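No value in this document is a laboratory result; all are computed from the given coordinates. Keep in mind that what you see is a predicted model, and the values were worked out from it rather than measured. Cβ sites come from the backbone with ideal geometry, for glycine too, and all protein chains shown count toward neighbours.
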Amino acid sequence: MEDVGVALIRLEGGITFVFKISWAMHLDTLGPLIFLGTRGGFNVTAQRLFHEYSGFRSHSDLQLPDVHRDFPPMYTYFKSIESFTNAIRNGGPNPVPGEEVIYSQAIIDGIYRSAASGREVVIDIPAL
């Protein structure tokens, strides 16, 4: 049984992201959360922006607001479950719009099709 899954996903507009998941790894993370662009990169985990300055490679350390500092580690998951439960019990708004579920499922299906075929596949998102 496989333990690690990795997918390279290309979106419209030239955006590409790497999706990584592991169920039984012996680490606390599969790597830092990073954003890469044509004019720089940002390591969210280290809060460091990599860029050019006067023609030289440089970096800037940033201090982002810690929005989770006052919350216990499981608070975010609790609030997600609470929102979902509220939607069912009280007819509140769905915290995860159906469109997002369809997009996510189309990408997951594409990952499986790509793995089975051993090549890149095109993902067609149904019109909503």
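When percent of Cα pairs over 17 Å apart is computed from the coordinates, the matching label among (1) 54; (2) 67; (3) 75 is (3). At full extension, Leu62 and Ser80 could sit 3.6 nm farther apart than now, given 0.36 nm per residue minus the alpha carbon distance.
Couplings 3J(HN,Hα) for the range 52-57, derived from phi with the Karplus relation 6.51 cos²θ - 1.76 cosθ + 1.60 (θ = phi - 60°), are 9, 9, 6, x, 10, 5 Hz, where x marks Gly and Pro. For the chain, the dipole from Cβ point charges (+1 on Lys and Arg, -1 on Asp and Glu) about the Cα centre works out to 180 debye, to the nearest 20. In this rough spin-label picture, where each label sits 7 Å from Cα along the Cβ direction, the Arg48-Asp3 distance is 2.8 nm.
Available extension along the chain between Ile123 and Ile15 is 37.4 nm, counting 0.36 nm per residue and deducting the alpha carbon span.
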